[in-house]
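Participant: Input: one structure, supplied below.
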Amino acid sequence: MQVKMQARINELQKLMDAAQVEALYVTNPENRYYLSGFTGTAGALLVCRDNTFLLTDFRYLEQAKHESPGLTIIEVNDSYAEALASILTANSVSGLGCEGDHLVHNQFLMLKDKLVSVEIKETSGLVEKLRMAKDDDEIKNIEEAVRLADLAFAKVLPMIKPGVSEREVALQLEYSMRCMGADGVAFQFIVASGPRSALPHGVASTRRLQQGELVTLDFGALYHGYHSDITRTVVLGEPSPKQQEIYYIVLEAQMRAIEAIRSGVRASDVDKIARDIITGKGYGERFGHGTGHGLGLNIHENPRLSMKDDTVLRQGMTVTVEPGIYLPDWGGVRIEDTVVVGESDCEVLTRTPKDRLINLINLFSLS
Ligand code: ZN
Ligand code: ZN
């Protein structure tokens, strides 16, 4: 563990050199965990050229020593800014990078106040860049998070029927995955039925499901800090021709995009493949979000499978593939899997079937 963390810090130091940052103050909890293994809820890292300090308060000192044995643990008594000032002075550091995307404004003002002789420079996405490609242990955690979400969905399917509320479905999904070992939910689940399925982020409401409706379920598990993300759209009864049409366009876009994912391909090119299929069928205007996103310690990370992201995909990156079509007042379909980028293709971690629009009522009236 210690060797792995040190290797990550070494890689970060190269990025810091390129960004001309002498020392980096890491305040984002996921970035801090990624570099140190420290799971306390209060703490920050100071990564210098030849030493890394973990600053935390009395409550977490023992935990910090145990979880981050390779780091120099500093107890913060008054404020982080003051602790930082004394380390920087003792180590003759005159330039400090902060995480511009995460550092709270008032903390920044405190730093400026206490670090009078230090030049503070904001950086963006340095640790996040390292986090894009996952190592084997990280992929195992994501795999488990995906497995728990798949199992929970299979368990909950029989209860998705007319009369049940969206919120009850969401709660059951959460309950089953937590019973099976999930540490929590990956995000607030989306269960969007009928016309609400046209809302790409329709968080589960008190609305009751009705016969004949599409229901979009978007959910995921949290396991050892890592997230999974899956969406399935089902229908409560015999699907209409229109429901079938929309479903199979989305499915084709999703599968073609997955087929294109491999090391060396640009994120924006994967988006284009899915978008072109949907646009070709006349629904381009109704697919208003990116095709997917990286996920790991955060539910949404880089790279983004979007028009704007030209990141070249690399082995070990974990991304979702989730095109959708949303028709106001009618409903919508989205299909989402979590995949790992490989050398010549990608591995789809999600196992829940998607090859046809599942009619839940038929599925369970047979048994
Ligand atoms: Zn999702
Ligand atoms: Zn997603």
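Participant: What number do you get for region 136-231 when its Cα radius of gyration is normalised by 2.2 N^0.38 Å, N = residues?
Facilitator: For region 136-231, the normalised Cα radius of gyration is 1.07.
Participant: Grab the Cα-Cα distance for Ser92 and Val348, subtract it from 0.36 nm times how many residues apart they are, and report the gain in nm with one decimal.
Facilitator: Working: separation 256, 0.36 × 256 = 92.16 nm, distance 4.92 nm.
Length gained between Ser92 and Val348: 87.2 nm.
Participant: Leaving out ligands, DNA and RNA, and with a 1.4 Å probe, what % of the accessible surface on the chain is carbon or sulfur?
Facilitator: Within the chain, the accessible surface is 51 percent carbon and sulfur.
Participant: If you don't mind, another one. Using modelled amide H (1.01 Å from N, peptide plane; none on Pro or chain starts), what sits under 5 Å from the amide H of Met317, excluding residues fewer than 5 places away?
Facilitator: Lys134, Val341
Participant: Related question: Each residue of region 272-280 in turn: what ³J(HN,Hα) in whole Hz from Karplus with 6.51, -1.76, 1.60 and θ = phi - 60°, glycine and Pro shown as x?
Facilitator: Coupling constants for region 272-280: 4, 4, 5, 5, 4, 5, 5, 5, x Hz.
Participant: What FRET efficiency do you get for Asp135 and Asp355 if R0 is 30 Å and r is their Cβ-Cβ distance, rounded to the nearest 0.05?
Facilitator: 0.40
Participant: Hey, which lysines would be in cross-link range of Lys14, C-alpha to C-alpha under 25 Å, not counting anything within fewer than 8 residues on its own chain?
Facilitator: The reachable lysines, counting only those whose Cα sits under 25 Å from Lys14, are Lys4, Lys121, Lys129, Lys134.
Participant: Using 7 Å Cα-to-Cβ label points, what is the Arg59/Glu238 separation (nm, one decimal)?
Facilitator: Label at Arg59, label at Glu238, 6.0 nm between them.
Participant: Quick one: grab Rg to one decimal and Dmax as a whole number for region 2-131, Cα atoms only, in Å.
Facilitator: 13.3, 36
Participant: Over region 201-330, what number does the Rg to Rh ratio reach, with both radii from the alpha-carbon atoms and Rh per Kirkwood?
Facilitator: Dividing the radius of gyration by the Kirkwood radius yields 0.99.
Participant: Out of Asp310, Asp78, Asp135, any idea which swings most in a Gaussian network model of the chain, alpha carbons joined below 10 Å?
Facilitator: Ranking Asp310, Asp78, Asp135 by mean-square fluctuation puts Asp78 first.
Participant: Sort Phe287, Phe187 by accessible area with a 1.4 Å probe, largest first.
Facilitator: Working: Phe287 5, Phe187 45 Å².
Ranking Phe287, Phe187 by accessible area, largest first, yields Phe187, Phe287.
Participant: Express the C-alpha Rg of region 301-342 as a ratio against the empirical globular expectation 2.2 N^0.38 Å, rounded to two decimals.
Facilitator: 1.44
Participant: Let me ask something additional. Which whole-percent values make up P(r) of region 136-363 when all C-alpha to C-alpha distances are grouped in 10 Å steps starting at zero?
Facilitator: Reading upward from the zero bin: 9, 36, 37, 17, 1.
Participant: If you find the alpha carbon centre of region 46-98 and of region 186-227, how far apart are they in angstrom?
Facilitator: 42
Participant: Any idea of the accessible area per residue across the chain, 1.4 Å probe, to the nearest Å²?
Facilitator: Details: 16420 Å² over 367 residues.
Value returned for the chain: 45 Å² of accessible area per residue.
Participant: If you don't mind, another one. Taking a cut-off of 19 Å between Cα atoms, list the aspartates and glutamates near Lys242, but don't count ones fewer than 8 places away on the same chain.
Facilitator: Glu213, Glu252, Glu285, Asp329, Asp355
Participant: If each of Ser165 and Glu285 carries a label point 7 Å out from its Cα toward its Cβ, how far apart are those two points in nm?
Facilitator: 3.6
Participant: May I ask you to derive the FRET efficiency for Leu15 and Asp276 from their Cβ-Cβ distance with R0 = 30 Å, giving the value to the nearest 0.05? Each step should come with its number before you reach the end.
Facilitator: Details: r = 35 Å, r/R0 = 1.15.
The pair Leu15/Asp276 has a calculated efficiency of 0.30.
The values are calculated or read from the model by the stated rules, or taken from the named source; none is laboratory data. Note that the structure is predicted; figures quoted are calculated from it, not measured. When we count neighbours, we look across all protein chains shown, and the Cβ atoms used for this are built from the backbone with ideal geometry, even at glycine. For the accessible areas, the whole protein counts, side chains as well, though only heavy atoms, and no ligand, DNA or RNA atoms are used. Shrake-Rupley method; radii C 1.70, N 1.55, O 1.52, S 1.80 Å.
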